[in-house]
1. Within the range 205-232, count every residue that is in contact (Cβ under 8 Å) with a residue 40 or more places away in the chain, closer than 18 Å to His65 by Cβ and of a type in the set (Lys, Arg).
2. Of the residues Thr81, Thr34, which single one is surrounded by fewer than 19 Cβ atoms within 10 Å (Cβ to Cβ), among the hydroxyl-bearing types (Ser, Thr, Tyr) and under 23 Å from His103 (Cα atoms)?
3. Determine whether the range 151-161 contains at least one residue that is of a type in the set (A, V, I, L, M, F, W, C), farther than 21 Å from Leu60 by Cβ and in contact (Cβ under 8 Å) with a residue 40 or more places away in the chain.
4. Which of (1) assigned to a helix (DSSP H, G or I); (2) modelled with pLDDT under 95 is the odd one out, the single condition Leu259 does not satisfy?
5. Listed residues Arg319, Arg304, Arg337; which is without any contact (Cβ under 8 Å) to a residue 60 or more places away in the chain and within 19 Å of His65 (Cα to Cα)?
6. Kindly provide the set of residues from the range 320-369 that are crowded, with 18+ Cβ neighbours inside 10 Å, over 30 Å from Pro192 (Cα atoms) and in contact with an Asp or Glu (Cβ under 8 Å, 6 or more places away or on another chain), ordered by number.
7. Could you check, for the range 11-30, whether at least one of its residues is at pLDDT below 95, more than 19 Å from Ala284 (Cα to Cα) and crowded, with 17+ Cβ neighbours inside 10 Å?
Amino acid sequence: MSALGKRYPTDPQSARDDLAPPRFRHLDLYRLATQLLEAAGMQTAIATDVAEVLVEGDLLGHDTHGLQLLLPYLRELDRSTMTRSGSPTVLAERSVATTWDGHRLPGPWLVRQAIAWAAPRAREHGSATVVIRRSHHIACLAAYLEAPAREGLLVQISSSDPAVASVAPFGGTRPVMTPNPLAVGIPTSGDPIMIDISASVTTNGMSARLRDAGERGPQPWWLDAAGHATDDPAVLFADPPGTILPLGGLDAGHKGYGLGLVVEAFTGALAGHGRADPADGWGATVCIQIHDPAAFAGREAFERQTDWLAQACRTARARDPDVPVRLPGERGLARKRAQLEQGVFLHASIMPALQARAKAAGIDPVVAL
């Protein structure tokens, strides 16, 4: 047994039949998520986008940032700390750059709106950028990458939550930043390369899941409040709280620390709203950048380079012959194709809570395959 102890498998490619959680049709999951959000008062067009982004996260295997988030989102709607309808306010705009106040509207809808604003401007001018302050949480960043990348656009998304601090600067013991994810979708002539990483060793969501299950991390991913490294996620929720280590851990965490500061600059600093301001609840400050390779050396030349890199990485000699080198996003896209055909695996903790909420709202339950 690993340091994580017994784990409930969520990977459809590796789960044993006797332990595997049930599968669900992705369309049924879309329907359930949309109806639950609508029942909580969310505008239909917004609810549709949120549901699609959450299910996309699960299709790609990011099961802490898929439908795992739906119940917390519904609770935010219950408390009116997530806005149900409306539009962002444009605070500044030039031909290829704009800054929005998201008014705590759902992050998945705002990010999709930002991509829709930036993509045609990038095609005309080469690049376009949208910065959003006061968005609500934006879910799984990888869920936004495939569509624009398949259209030949290079897309980058970064996010921070100025209301939350759980990651210490390298060498410190008190939290200053969030995990600060960064995602990039890179076109090739085949499947896109889809990078979704954070500036910390792990995320808040995974820390909470491990803590709730009474499990430990495979390595010392956290510091307790006294600065001692530990594999126990419970220290993050103690009083006083511990912290998540920056990417690179105790040895090379200065790199994750630097990456986290980069994300802060492209989100809170560009938006003019971040950690220097009073916190207004769980949310996000976001930067979306889109580049059209056709405006630079040309799409064909771009893909000649990315195709070469992809092939060189895939054919690189593997350290373990049984584990070939793969590209970022490759496993997720393969998982998505399989789950679209065979049904979507959800972590065992997710569906019971959603079914209970659906029953209370008079919504038809989802039946497992």
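The values are calculated or read from the model by the stated rules, or taken from the named source; none is laboratory data. Computed from a predicted structure; not experimentally measured. As a convention, Cβ positions derive from the backbone with ideal geometry for all residues, glycine included, and neighbour counts pool all protein chains shown.
1. 1
2. Details: Thr34 fails: surrounded by fewer than 19 Cβ atoms within 10 Å (Cβ to Cβ).
Answer to the selection: Thr81.
3. The answer is no; no qualifying residue exists.
4. The number of the failed condition is (2).
5. Working: Arg319 fails: within 19 Å of His65 (Cα to Cα); Arg304 fails: within 19 Å of His65 (Cα to Cα).
Going through Arg319, Arg304, Arg337 in turn, just one is without any contact (Cβ under 8 Å) to a residue 60 or more places away in the chain and within 19 Å of His65 (Cα to Cα): Arg337.
6. Answer for the range 320-369, where residues must be crowded, with 18+ Cβ neighbours inside 10 Å, over 30 Å from Pro192 (Cα atoms) and in contact with an Asp or Glu (Cβ under 8 Å, 6 or more places away or on another chain): Ala358, Val366.
7. Within the range 11-30, one or more residues are at pLDDT below 95, more than 19 Å from Ala284 (Cα to Cα) and crowded, with 17+ Cβ neighbours inside 10 Å.
Yes or no, residue by residue, for (1) in contact with a Leu (Cβ under 7 Å, 6 or more places away or on another chain); (2) in contact (Cβ under 8 Å) with a residue 24 or more places away in the chain; (3) over 24 Å from Pro106 (Cα atoms):
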position	(1), (2), (3)
Leu236	no, yes, yes
Leu245	yes, yes, yes
Leu259	yes, yes, yes
Val263	yes, yes, no
Phe266	no, yes, no
Gly272	no, yes, no
Pro278	no, no, no
Gly281	no, yes, no
Phe296	no, yes, yes
